[in-house]
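**Student:** Structure provided below as structure tokens; questions to follow.
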Amino acid sequence: MPIFLSLAKNNPTVFVLVVTTLVFSISLHEYFHARCALWMGDPTAADAGHLTLNPLRQMGWISLVMLLLAGIAWGAVPVDPVRLRSRHSWGPLVTALAGPAANLLLAVIAWCLFGWLALTPVTESNRLVLSNALSLLAVLGCYNIVLMLFNLIPAPGLDGWNVLCSLFPRIVRVSSEALKGFMVFLILVALMGVHWLFSLAELVMSLAPYCFRQMAEL
């Protein structure tokens with residue numbers, strides 16, 4: 001049985017939380033790309049039906065199946081850089097950053113709510129609800145921090161690459177075996193370093209209760 005799928009058997013609650021979080025977060029990520037592209041003058045994604053949170057549209061069934069089986073998922077919206085540049089010279093940059101901005105927004109909301117709820121006195125009546133809420137917020141915050149940071153890596157196929165190309169257009173015109181090899185290396189490093197991103201995300205979330213406790217004592 002695949003490792004991630006086995007989580008459904010060993011810890012179904014966490015499995016549901018992770019899957020739900022990833023589906024919603026990736027769909028919102030792609031929605032922000034589509035909405036920003038339309039705002040910047042490119043209706044390509046909007047015309048293709050991407051102004052929605054429907055995961056079948058934003059992720060596709062193959063991505064959803066891979067998420068359930070292996071914990072790997074992705075999404076994509078069509079963007080026409082020519083149409084973006086026709087209205088704003090910085091359109092491609094803003095559109096590329098829109099997706100990670102969605103993950104940052106979700107992470108900030110989760111961080112604030114997690115810190116606030118962590119200070120709530122535990123009673124017999126609220127113990128279960130509070131525990132479930134904190135678990136949901138912890139997962140939501142951690143995964144969105146990881147999604148944001150991972151997507152900002154300047155490797156082809158990720159938003160960070162589009163950001164880099166927007167800032168340095170000549171990079172797009174460079175084609176060499178050395179550059180292609182470096183890009184493949186970046187992708188491998190990114191995949192191997194995901195656990196470090198999760199460690200960083202967990203550290204950030206763990207600081208929320210401390211920060212709110214300090215503010216409450218002021």
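Read-outs: derived from the displayed coordinates by stated rules, not from any lab. Predicted model only: the values in this text are computed from it and were never measured. Counting neighbours? That spans all protein chains shown, and the Cβs are built from the backbone with ideal geometry, glycine included.
**Student:** Pick the calculated Cα extents along the principal axes in Å for this structure from (1) 51, 32, 27; (2) 62, 48, 35; (3) 92, 46, 38?
**Tutor:** Entry (2).
**Student:** What are the ³J(HN,Hα) couplings of the stretch 9-16, residue after residue, when phi is run through the Karplus curve with 6.51, -1.76, 1.60 and θ = phi - 60°? Round to Hz, x for glycine and proline.
**Tutor:** For the stretch 9-16, the Karplus curve yields 7, 7, 8, x, 5, 5, 4, 5 Hz.
**Student:** Looking only at 29, 195, 50, which one moves most when the chain is put into a Gaussian network model with springs between Cα atoms under 10 Å?
**Tutor:** Answer for the Gaussian network model of the chain: 195.
**Student:** Angle between the Cα long axis of helix 61-70 and the longest principal axis of the chain, 0 to 90 degrees, nearest 10?
**Tutor:** 50 degrees
**Student:** Just to confirm the number: angle between the C-alpha axis of helix 91-117 and the first principal axis of the chain, 0 to 90 degrees, nearest 10?
**Tutor:** Tilt of helix 91-117: around 0 degrees.
**Student:** About the Cα centre of the chain, what is the dipole size in debye to 20, counting +1 per Lys and Arg Cβ and -1 per Asp and Glu Cβ, all else neutral?
**Tutor:** 300 debye
**Student:** How do 11-17, 21-27 rank on mean C-beta neighbours within 10 Å, highest first?
**Tutor:** 21-27, 11-17
**Student:** Sorted from fewest to most neighbouring beta carbons within 10 Å, what does the list 135, 6 look like?
**Tutor:** The most exposed by this proxy come first: 6, 135.
**Student:** Please arrange 199, 89 by how many other C-beta atoms lie within 10 Å of their C-beta, fewest to most.
**Tutor:** Neighbour counts put them in this order, fewest first: 89, 199.
**Student:** Given a cut-off of under 8 Å on Cα pairs at least six residues apart, what relative contact order in percent is computed for the chain?
**Tutor:** 20 percent
**Student:** Quick check on the exposure proxy: order 90, 111, 39 from fewest to most C-beta atoms within 10 angstrom.
**Tutor:** 90, 39, 111
**Student:** With each run of n ≥ 4 DSSP H residues scored as -39500 (n - 2.57), what mean residue ellipticity at 222 nm is computed for the chain after dividing by its residue count and rounding to the nearest 500 deg cm²/dmol?
**Tutor:** That comes out to -24500 deg cm²/dmol.
**Student:** Once Lys and Arg get +1 and Asp and Glu get -1 on their Cβ, which of 15, 27, 117 lies farthest toward the positive end of the dipole of the chain?
**Tutor:** 27
**Student:** Using a cut-off of under 17 Å, list every residue of the stretch 7-39 whose amide N is near the label point 7 Å from the Cα of residue 76 along the Cα-to-beta-carbon line.
**Tutor:** So the set is 26-27, 29-31, 33-34.
**Student:** Still on this structure: Tell me the angle of helix 177-192 to the major Cα principal axis of the chain, expressed in degrees between 0 and 90 and rounded to the nearest ten.
**Tutor:** With rounding to tens, the tilt is 10 degrees.
**Student:** When a/c reaches 1.5 or more, the comparison of a/b and b/c decides; with that in mind, is the stretch 63-140 rounded, prolate or oblate per its Cα gyration tensor?
**Tutor:** Oblate.
**Student:** Hey, in the GNM for the chain with a 10 angstrom Cα cutoff, which one of 190, 98, 48 fluctuates hardest?
**Tutor:** Of the options given, 48 has the highest mean-square fluctuation.
**Student:** For the chain, set up a Gaussian network in which alpha carbons nearer than 10 Å are linked by springs, and say which option among 74, 196, 161 fluctuates the most.
**Tutor:** Result: 196 has the largest fluctuation of those listed.
**Student:** Another one. Find which of 126, 44, 210 sits farthest along the positive direction of the dipole of the chain, computed with +1 on the beta-carbon of Lys and Arg, -1 on that of Asp and Glu, about the Cα centre.
**Tutor:** Sorting the options by dipole projection puts first 44.
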